[in-house]
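Taking it in order: structure first as structure tokens, then the write-up.
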Amino acid sequence: MRQYANVISAYAIMIILIILVGVFQSWNVALTILNFCLISAVMTMGANIQWGYAGLINFGIMGYTALGGLAAVLVSAAPVSEAWAAGGIQMIICAGIIVGIVFSVRYVLKKIEKSKKRNYIIAGIIIFGLILLRVIAGPATEHIESVNPAKTGFLGGLGMPILFSWIVGAFFAGGLAYIVGKVALGLRADYLAIATLLISEIVIAVIKHEDWLSRGVKNVIGLKRPVPYEVDLQNTPWFVDWVEKFHSGKLKMINSITERQDVLNQLVIDASSVYVKLCLAGLFLIVVIILLIITQKALYSPWGRMMRAIRDNDEAANAMGKNVVKEHLLIFILGSAVVGIAGAMMVTHDGLFTPGSYRPMRYTFLIWVMVIVGGSGNNFGAILGGFAVWFLWIESAPMALFLINFFTSHLPETNALKIHLINTAPYFRFLTMGIGLLLIMRYRPRGILPEKIIKQ
């Protein structure tokens, strides 16, 4: 019972903090924080599956997040017919060549015994395939990227609802995890961390520079959302009437008709933004709850107990007949797939895809801080870490600015020290993260909600 009391208390505090932001700042800010907390919670669950369940260090979370975002583009963006006519068929042929290379190499590996001959054949297949790709893809890429590059310059997507991309993002990230796992899971600890980080950087580099795929650093904007647009709500009679009735007391106090209409228009604008964010929060919450139920059942299932046994002593587990390599690969794929879902959710929230924004600090190391702070091996702890760390990451700057203005209120506005402190307020988030992490590691080294093994 004490365990559940701690969980309820911790989450109650987070809810109260978000409500206070809504009261003292704005409900738009509070709901934005809530939405990103929910997205971060999905990421932390993915990282926790890998680290908390199996002890695998994956510093490539950024790459899998970006693949989820790419899935959102390829699924929901409208197809660019001119680009397809310019080089779409050639790119399909290139995709077929890549598949052919993979299957050819697998065939050689299975049919020919390990020898220099096999190595030469594999090298020949890869070199020939790369040359063929270059010959076909080079001109096709130039033709596609030359099609109205200011607005398109890429093939576009399938024009489907963006919610489908959440599933596709999981498959994209899981597919990459399979390839990476086959290559890198033989490594341990810091070597695995470095390898996964480098691979994620390669993924980001490809997405940023292959304009024909996702417009690169020019970004993809205007992606369709699964919720109404604010402008549409503002022009919808039932919504305007609802806002007017909700604020009827405030509006009656205004005598001027013109002023009353101006106030109503502003209230409608604010309410439309809140409504949209609430709808997104509902969708994200559903995903978090579903994943939490699945991960909880998996954690306390025989499979989950086996994974923890492998994590604690993989040599003993291997001696008992458990296929450690196979289980590590499976857990690596599952965790990465969950991160891919989060990446698609983030692009869904923003309505745009910005490859240049994917940096290790935000999409890898901050996620790891969330897992450490919340408590690895505990799904509730991982989610709590996502909420707590993201809340501090966003609110550190406003809190720092408030404290700076409070303690320097006696100084003139032209004071050099005051100006310097105000200008450096955004950087206080790094100081807050550092101090918070140090305190957690000192007094709660296993996290706020540490792993609890329930005997069944």
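Quick notes on this structure:
- Output for the range 391-406, where each listed residue is of a type outside the set (D, E, K, R), touching a residue at least 60 places away in the same chain (Cβ under 8 Å) and over 23 Å from residue 4 (Cα atoms): 394, 398
- Hits in the range 350-388 (condition: touching a Gly at 6+ places or on another chain (Cβ under 8 Å) and small (Gly, Ala, Ser)): 351, 374, 375, 376, 377, 381, 382, 385, 386, 388
Residue-wise test of (1) exposed (fewer than 14 other Cβ atoms within 10 Å of the Cβ); (2) over 22 Å from the mean Cα position of the chain (by Cα); (3) not in a helix (DSSP H, G or I).
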{"position": "254", "(1), (2), (3)": "no, yes, yes"}
{"position": "258", "(1), (2), (3)": "yes, yes, no"}
{"position": "267", "(1), (2), (3)": "no, yes, no"}
{"position": "270", "(1), (2), (3)": "no, yes, no"}
{"position": "288", "(1), (2), (3)": "no, no, no"}
{"position": "297", "(1), (2), (3)": "yes, yes, no"}
{"position": "316", "(1), (2), (3)": "yes, yes, no"}
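Yes or no, residue by residue, for (1) under 29 Å from residue 173 (Cβ atoms); (2) buried (at least 16 other Cβ atoms within 10 Å of the Cβ); (3) in contact with a strand residue (DSSP E or B) (Cβ under 9 Å, 6 or more places away or on another chain):
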site: 67; (1), (2), (3): yes, yes, no
site: 70; (1), (2), (3): yes, yes, yes
site: 90; (1), (2), (3): yes, yes, no
site: 125; (1), (2), (3): yes, yes, no
site: 131; (1), (2), (3): no, no, no
site: 136; (1), (2), (3): yes, yes, no
site: 153; (1), (2), (3): yes, yes, no
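- Per the conditions (1) in a helix (DSSP H, G or I); (2) farther than 29 Å from residue 160 by Cα, the sole criterion not satisfied by residue 410 is (1).
- Scanning the range 436-452 for residues that are of a type outside the set (Phe, Trp, Tyr) and surrounded by fewer than 11 Cβ atoms within 10 Å (Cβ to Cβ), we see that the one that is nearest to residue 311 (Cα to Cα) is 445.
- The range 236-263, subset modelled with pLDDT under 85, in contact with a helix residue (DSSP H, G or I) (Cβ under 6 Å, 6 or more places away or on another chain) and hydrophobic (A, V, I, L, M, F, W, C), residue farthest from residue 276 (Cα to Cα): 254
- Residues within the range 133-162 that are in a loop (DSSP other than H, G, I, E, B), under 12 Å from residue 211 (Cα atoms), hydrophobic (A, V, I, L, M, F, W, C) and in contact (Cβ under 8 Å) with a residue 60 or more places away in the chain, tallied: 3
- Flag if residue 181 is surrounded by 18 or more Cβ atoms within 10 Å (Cβ to Cβ), out of contact with any Gly (no Cβ under 9 Å at 6 or more places or on another chain) and small (Gly, Ala, Ser): yes
- Among the criteria (1) of a type outside the set (Lys, Arg); (2) buried (at least 16 other Cβ atoms within 10 Å of the Cβ); (3) free of Cβ contacts under 8 Å to residues at least 60 places away in the same chain, the one residue 44 does not fulfil is (3).
- Check on residue 398, in the same structural domain as residue 312 (by TED's automatic domain parsing), at pLDDT 85 or above and assigned to a helix (DSSP H, G or I): yes
- Check on residue 63, in a helix (DSSP H, G or I), in contact (Cβ under 8 Å) with a residue 12 or more places away in the chain, in contact with a helix residue (DSSP H, G or I) (Cβ under 8 Å, 6 or more places away or on another chain) and buried (at least 18 other Cβ atoms within 10 Å of the Cβ): yes
- Being assigned by TED's automatic domain parsing to the domain that holds residue 162 and either under 22 Å from residue 175 (Cα atoms) or surrounded by fewer than 17 Cβ atoms within 10 Å (Cβ to Cβ) (or both) is a property that does not hold for residue 36.
- Within the range 301-313, tally of residues that are surrounded by 14 or more Cβ atoms within 10 Å (Cβ to Cβ) and either touching a residue at least 12 places away in the same chain (Cβ under 8 Å) or polar (S, T, N, Q) (or both): 7
- One residue from 57, 49, 61, 121 being over 30 Å from residue 373 (Cα atoms) and either of a type in the set (Val, Ile, Thr) or assigned by TED's automatic domain parsing to the domain that holds residue 342 (or both): 121
- When the range 343-365 is filtered for residues that are assigned to a helix (DSSP H, G or I) and closer than 12 Å to residue 63 by Cβ, the ones remaining, listed by number, are 343, 355, 360, 363, 364.
- Restricting the range 413-451 to residues that are of a type in the set (Lys, Arg) and part of a helix (DSSP H, G or I), the residue that is farthest from residue 53 (Cα to Cα): 418
- So residue 366, is it modelled with pLDDT of 85 or more and farther than 22 Å from residue 197 by Cα: no
The values are calculated or read from the model by the stated rules, or taken from the named source; none is laboratory data. Given the structure is predicted, the values throughout are model-derived calculations rather than measurements. Note that we place each Cβ from the backbone using ideal geometry, even for glycine, and neighbour counts take in every protein chain shown.
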